[in-house]
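The structure appears right after this line, and notes come after that.
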Amino acid sequence: MSLRSRNNTNLTEGNLWKQILLFFFPILIGTFFQQMYNTVDTVIVGNFVGTEALAAVGTTATALNLLIGFFIGVSSGCTVIISQFYGAEDRENVSKAVHTSMALAIVGGVVIMLIGFLGSRTSLKLMNCPDEILDDAVLYMFVYFAGCIGNLVYNIGTGVLRAVGDSKTPLYILIICCLTNIVLDLLFVVVFRWAVFGVAFATILSQLVSAICIMYRLMRTDDMYKLEVRKIRFDVSLLRSVIRIGLPAGGQSVMYSLSNLLIQTSINGFGTACIAAWSAIGKIDGFVWMIMNAFGISVTTFAGQNFGAKKYDRVKQTAKVGLVLDMACVLVLSVIIFVFRYPLLGIFTKDSEVIGIGANFFCVFAPSYFIFVFIEIFSGAIRGVGEALQPMLITCLGVCGLRIIWLTTAVKIWPTVTMVAMNYPVSWAITAVVFIVYYLRGNWMKRSIKRDHGSAALAEYMEK
């Protein structure tokens with residue numbers, strides 16, 4: 001049987017510019033629908049329920065991402081492992097990694113659900129969530145956590161498909177999920193008047209649909225990554241590799257969420273209007289992050305497959321091409337957001353105070369987004385070859401650590417919304433410089449070759 005099914009792209013051969021774009025666009029469009037999926041909730045709540053409901057939904061995002069982001073980060077180790085085994089045409093280990101991934105999704109979903117039920121109200125109180133929106137925020141989190149198994153199954157299943165070169169199927173499933181969410185949002189919020197509960201219920205039902213679709217796709221394939229329910233279990237040796245690569249990514253996600261938690265706490269201290277503005281801009285600048293994330297996924301996947309196939313020069317070329325393409329896209333979108341920031345914010349709310357606060361945020365963010373491209377691309381390439389700890393440490397110390405220092409020093413001295421926003425470009429710039437230096441030194445590639453392919457492969461690489 002051929003290694004590549006008709007739905008998959010061979011990432012180890014051919015023109016990189018063309019292949020990355022062909023792989024990237026389905027991810028981008030899919031992430032666009034994911035962002036729409038989240039944005040529709042905000043638009044409907046802001047326009048049909050009100051500012052307080054908009055703030056209630058918005059203030060939960062960081063707490064939700066803290067737990068779910070950790071398990072998705074850990075599961076990214078599965079994606080890297082699968083891409084390397086797939087590039088090396090190792091059928092047995094691909095199958096074991098797929099079933100270990102699904103076991104991780106199910107167990108992780110149960111753990112998140114229990115922690116979420118027990119800790120939602122306490123976490124929101126610690127974040128200084130205003131009393132007038134606390135009950136709605138807790139309700140949203142309870143309903144969301146009830147459906148988190150579907151969320152993890154979808155995300156991990158998507159990672160499996162992308163690892164083997166299939167970025168189209170996740171797109172099709174996301175479109176179905178997004179349309180389902182829009183219909184259910186309108187039905188539950190506009191027709192049934194279920195307000196915040198309606199938005200949350202629509203979200204988890206849509207995630208359930210996406211999980212069922214992704215499972216069906218994995219179970220119907222004849223390729224080596226075929227999923228069989230009876231085989232879903234942890235393979236101990238592979239689980240160790242997944243943890244080695246994925247745990248740093250999960251830890252990084254937690255640090256991001258913790259730093260964002262502190263930022264959300266600072267934002268909450270400025271009142272409901274500021275919280276609502278923060279929620280709205282999060283949906284708008286999410287389109288910038290979806291481009292960077294799509295390129296990051298592409299670079300990590302290409303790097304993983306080519307590293308598995310021992311095409312080391314192609315790994316580095318992937319990073320160069322990804323950097324140029326990502327930078328061009330982010331610069332264009334940054335200009336659009338800056339120029340049209342007022343009408344874009346007007347989509348979410350008619351409150352002039354909220355729009356004004358949001359516009360000031362974008363005066364800080366829009367000129368700075370390009371800096372993060374270096375972090376996304378270089379860390380993606382390094383993780384793709386299985387070097388996960390160092391990118392995590394650089395990111396946690398550079399981005400997350402500096403944010404915490406900024407919030408506890410600069411914001412304490414100058415307690416303004418603008419000063420809170422400035423923590424982003426400052427921390428991005430310092431971290432980007434460290435990543436550039438670390439990537440160019442190249443020790444990450446040498447260590448990975450010696451660890452996974454042996455001293456002979458390293459000697460051959462050094463000779464070139």
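Couple of notes before you dig in:
- Prolate/oblate/rounded call for the range 315-439, Cα gyration tensor, a/c under 1.5 rounded: oblate
- Whether the range 181-242 is rounded, prolate or oblate, judged on the alpha carbon gyration tensor where a/c under 1.5 counts as rounded: prolate
- Angle of helix 61-87 to the longest C-alpha principal axis of the chain, folded into 0 to 90 degrees and rounded to 10: 10°.
- The residue list F378, Q305, N360 was ranked by how far each Cα lies along the charge dipole of the range 268-421 toward its positive end, using unit charges on Cβ atoms, and Q305 comes out on top.
- List E376, E387, ordered by accessible area with a 1.4 Å probe, largest first: E376, E387
- Accessible carbon and sulfur surface of the chain relative to its total accessible area, %, 1.4 Å: 67
- Area of L397 that stays accessible when all protein chains are in place (1.4 Å probe, Å², to 10): 130
- Straight-distance crosslink candidates among lysines, where the alpha carbon sits under 28 Å from K316 and sequence neighbours closer than 8 are dropped: K18, K168, K446, K450, K464
- Debye equation applied to the C-alpha atoms of the range 149-272, log10 I(q)/I(0) at 0.17, 0.21, 0.22 Å⁻¹: -1.07, -1.18, -1.20
- One equal scatterer on each Cα of the range 365-464, no solvent, Debye formula: the resulting log10 I(q)/I(0) at q = 0.11, 0.18 Å⁻¹ is -0.43, -0.83.
- Low-density loop positions, trypsin sites (Lys or Arg not before Pro), the range 336-391 - DSSP coil, at most 15 other Cβ in 10 Å: K350
- Simple point charges give the picture: +1 on the Cβ of Lys and Arg, -1 on the Cβ of Asp and Glu, and for the chain a dipole about the Cα centre of about 1240 debye.
- Rg ratio (alpha-carbon, reference 2.2 N^0.38 Å) - the chain: 0.95
- In the complete set of protein chains, residue-level accessible area for V229 is approximately 90 Å², probe 1.4 angstrom.
- For the chain, the longest principal axis of the Cα atoms and the long axis of helix 16-48 meet at an angle of about 20 degrees.
- 13 Å Cα-Cα reach of K320 towards aspartates and glutamates, excluding residues that sit fewer than 8 places from it in its own chain: E376
- What the range 253-298 shows is 25 Å² of accessible area per residue, with the surface traced by a 1.4 Å probe over protein heavy atoms.
- Calculated SAXS-style log₁₀ I(q)/I(0) at q = 0.20 Å⁻¹ - the range 6-128, Debye, Cα scatterers: -1.21
- Value at 222 nm in deg cm²/dmol, rounded to 500, when DSSP H runs of n ≥ 4 in the chain each add -39,500 (n - 2.57): -27000 deg cm²/dmol
- Dipole magnitude for the range 56-155: about 180 debye, using +1 per Lys or Arg Cβ and -1 per Asp or Glu Cβ, origin at the Cα centre.
- For the range 241-396: rounded, prolate or oblate by the Cα gyration tensor [a/c cutoff 1.5]: oblate
- Per residue, in Å², the accessible surface of the range 314-464 once ligands and nucleic acids are set aside, probe 1.4 Å: 44
- Of L247, S266, P170, farthest towards positive along the dipole that unit charges on Lys, Arg, Asp, Glu beta carbons give the range 140-279: L247
The values are calculated or read from the model by the stated rules, or taken from the named source; none is laboratory data. All figures in this text were calculated on a predicted structure; none of them were measured in a lab. Glycine gets a Cβ as well: all are built from the backbone with ideal geometry, and neighbour counts include every protein chain shown. Accessible surface is based on the protein model in full, side chains and every heavy atom, while ligands, DNA and RNA are left aside. Shrake-Rupley method; radii C 1.70, N 1.55, O 1.52, S 1.80 Å.
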